[in-house]
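Peer 1: The following block contains the structure, expressed as structure tokens.
The values are calculated or read from the model by the stated rules, or taken from the named source; none is laboratory data. Owing to the predicted nature of the structure, the values given are computational and were not obtained by experimental measurement. Cβ placement follows ideal geometry from the backbone for every residue including glycine, while neighbour counts extend to all protein chains displayed.
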Amino acid sequence: MSAITILDRRAGAPANPPRKPAWIRVKAPTSEAYFATRKLVREKNLHTVCEEAACPNIGECWHKRHATVMILGSVCTRACAFCNVATGVPDPVDPDEPARVAELALALSLDHVVITSVDRDDLEDGGAFQFARCIEAIRKASPSTTIEVLTPDFRGKAGALEIVVAARPDVYNHNLETVPRLYRTVRPGARYFHSLRLLQRVKELDPTIFTKSGIMVGLGEEKEEVIQVMDDLRCADVDFLTIGQYLQPTPRHHPVIRFVEPAEFESYARIGRAKGFLLVASSPLTRSSYHAGEDFARLKAARLAASALRPEPPSARF
């Protein structure tokens, strides 16, 4: 059994916390399809980030039979101030997990599947080989299903990134989560420029893989800092940016400093597109894997459109 640590992760709580606005509220899940998806997840003995991270979109996504699988257990070796996943000593790696992930993808008839994980700093490869095994198992069981991975930063794990890239996921996602200034309080176990370099390295290893990253807003960042993150991600050749409102999971976690207005999210989307991202998803309820399948189709279309606009090299004209 894992030993789970309960930590107080609050920092800089405002004297008068902002009230949750109407645009951020969602209805409790009640549909038959939602409960059928939950039943399948339970039967396969799998974890999902939808539940473990208390995602507000779980009702909508599970109603559509979309679930984001969280591999390598449900206990994380880090204690990020924004995250609802338990921290402690994880269980051993389950060798049968990749097969069950593939079975779930098949049972849900997924066109696109998202696989994420807890941080596993206790493992020599940070869990990279388990990601690769899951990709292999899904490709074998359901060859038409496209695969998106949302990985940890593999900090201090030489060769781990290369293992995942060699398995050739269709989309490689790693979230920066916040602006550099807030890393020490929001994401203390990570380093901003390490995460940025990881995304850049994916493209160097395999330019055909779509790269993706996301941040939360409402943690105390300034708009200029968000725009700087966009510039940094474009320098790393990242294709897809997601921006969503941070929601405080429990009173122990980092407080919400403000609720960002929908118009500001729309502004971020326009700025991001102007900076050259193939796709920007920016709204209060946007999350990394929200509408991931539809977004993958849009990514492919955007890449085709962009390539059609590029001028032919001089040698190709003769």
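Peer 1: Which condition from (1) touching a strand residue (DSSP E or B) at 6+ places or on another chain (Cβ under 7 Å); (2) of a type in the set (D, E, K, R); (3) farther than 30 Å from Asp111 by Cα is the one that Lys157 breaks?
Peer 2: Unmet condition: (1).
Peer 1: Look at region 161-170 and say how many of its residues are surrounded by fewer than 23 Cβ atoms within 10 Å (Cβ to Cβ) and either closer than 16 Å to His253 by Cβ or within 15 Å of the chain's Cα centre (by Cα) (or both).
Peer 2: Residues flagged as surrounded by fewer than 23 Cβ atoms within 10 Å (Cβ to Cβ) and either closer than 16 Å to His253 by Cβ or within 15 Å of the chain's Cα centre (by Cα) (or both) within region 161-170 amount to 1.
Peer 1: When region 239-273 is examined, which residues are found to be under 29 Å from Ala79 (Cα atoms) and among the polar types (S, T, N, Q)?
Peer 2: Of the residues in region 239-273, the ones under 29 Å from Ala79 (Cα atoms) are 239-261, 265, 268.
The answer is Thr242, Gln245, Gln248, Thr250.
Peer 1: Can you confirm whether region 133-141 contains a residue that is over 26 Å from Gly159 (Cα atoms) and at pLDDT below 95? Spell out how you get there, then give the answer.
Peer 2: Of all residues in region 133-141, those over 26 Å from Gly159 (Cα atoms) come to 141.
Adding the requirement that they be at pLDDT below 95 leaves none.
Looking for residues that are over 26 Å from Gly159 (Cα atoms) and at pLDDT below 95, one finds none in region 133-141, hence no.
Peer 1: Which condition from (1) closer than 23 Å to Val75 by Cα; (2) touching a residue at least 24 places away in the same chain (Cβ under 8 Å) is the one that His112 breaks?
Peer 2: Status for His112: all satisfied but (1).
Peer 1: Okay, moving on. Given (1) touching a strand residue (DSSP E or B) at 6+ places or on another chain (Cβ under 8 Å); (2) assigned to a loop (DSSP other than H, G, I, E, B); (3) crowded, with 21+ Cβ neighbours inside 10 Å; (4) not hydrophobic (A, V, I, L, M, F, W, C), identify the lone condition not met by Asp91.
Peer 2: Single failed check for Asp91: (3).
Peer 1: Tell me, yes or no, whether region 257-268 has at least one residue that is in contact (Cβ under 8 Å) with a residue 60 or more places away in the chain, crowded, with 21+ Cβ neighbours inside 10 Å, of a type in the set (A, V, I, L, M) and closer than 28 Å to His66 by Cα.
Peer 2: no
Peer 1: While we're on this one: Given the residues Asp231, Asp295, Asp237, which is the only one that is more than 16 Å from the chain's Cα centre (by Cα) and in a helix (DSSP H, G or I)?
Peer 2: Residue meeting the stated conditions: Asp231.
Yes or no, residue by residue, for (1) among the hydrophobic types (A, V, I, L, M, F, W, C); (2) in contact with a His (Cβ under 6 Å, 6 or more places away or on another chain); (3) touching a residue at least 60 places away in the same chain (Cβ under 8 Å):
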{"residue": "Cys76", "(1), (2), (3)": "yes, no, no"}
{"residue": "Asp91", "(1), (2), (3)": "no, no, yes"}
{"residue": "Cys134", "(1), (2), (3)": "yes, no, yes"}
{"residue": "Leu150", "(1), (2), (3)": "yes, no, yes"}
{"residue": "Glu162", "(1), (2), (3)": "no, no, no"}
{"residue": "Val165", "(1), (2), (3)": "yes, no, no"}
{"residue": "Val179", "(1), (2), (3)": "yes, no, no"}
{"residue": "Tyr183", "(1), (2), (3)": "no, no, no"}
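Peer 1: May I ask you to say which residue of Ala3, Ala54, Ala36, Ala28 is at pLDDT below 85, surrounded by 13 or more Cβ atoms within 10 Å (Cβ to Cβ) and among the small types (Gly, Ala, Ser)?
Peer 2: Ala54
Peer 1: Here is a follow-up. Out of Leu161, Leu110, I need the residue that is under 23 Å from Ile215 (Cβ atoms) and not polar (S, T, N, Q). Which one?
Peer 2: Exactly one residue qualifies, and that residue is Leu161.
Peer 1: Still on this structure, I have one more. Quick one: which residue in Asn16, Asn84, Asn45 is in a loop (DSSP other than H, G, I, E, B) and free of Cβ contacts under 8 Å to residues at least 24 places away in the same chain?
Peer 2: Among Asn16, Asn84, Asn45, only Asn16 is in a loop (DSSP other than H, G, I, E, B) and free of Cβ contacts under 8 Å to residues at least 24 places away in the same chain.
Peer 1: Among residues belonging to region 240-254 that are surrounded by fewer than 20 Cβ atoms within 10 Å (Cβ to Cβ) and either more than 15 Å from Ile24 (Cβ to Cβ) or of a type in the set (Ser, Thr, Tyr) (or both), point out the one that is nearest to the chain's Cα centre (by Cα).
Peer 2: In this case the residue turns out to be Thr250.
Peer 1: Identify all residues within region 215-232 that are over 13 Å from Arg181 (Cβ atoms) and touching a Lys or Arg at 6+ places or on another chain (Cβ under 8 Å); write none if there are none.
Peer 2: Of everything in region 215-232, those that are over 13 Å from Arg181 (Cβ atoms) and touching a Lys or Arg at 6+ places or on another chain (Cβ under 8 Å) turn out to be Gly218, Met230, Asp231.
Peer 1: Out of the residues in region 191-224 that are over 15 Å from the mean Cα position of the chain (by Cα), closer than 14 Å to Phe154 by Cβ and in contact (Cβ under 8 Å) with a residue 40 or more places away in the chain, state the one that is surrounded by the most Cβ atoms within 10 Å (Cβ to Cβ).
Peer 2: Val202
Peer 1: Let me ask something else about it. Does Glu103 meet the test of being at pLDDT below 85, part of a helix (DSSP H, G or I) and closer than 26 Å to Glu294 by Cβ?
Peer 2: no
Peer 1: Would you confirm whether or not region 301-315 contains a residue that is assigned to a helix (DSSP H, G or I) and within 28 Å of Ile24 (Cα to Cα)? Give the derivation first.
Peer 2: Quick first cut of region 301-315, residues assigned to a helix (DSSP H, G or I) only: 301-309, 314-315.
Next, only the ones that are within 28 Å of Ile24 (Cα to Cα) stay: none.
Scanning region 301-315, I find no residue that is assigned to a helix (DSSP H, G or I) and within 28 Å of Ile24 (Cα to Cα), so the answer is no.
Peer 1: Any residue in region 96-118 that is over 21 Å from Thr146 (Cα atoms), within 18 Å of the chain's Cα centre (by Cα) and either of a type in the set (Phe, Trp, Tyr) or surrounded by 18 or more Cβ atoms within 10 Å (Cβ to Cβ) (or both)?
Peer 2: Yes - at least one qualifying residue is present in region 96-118.
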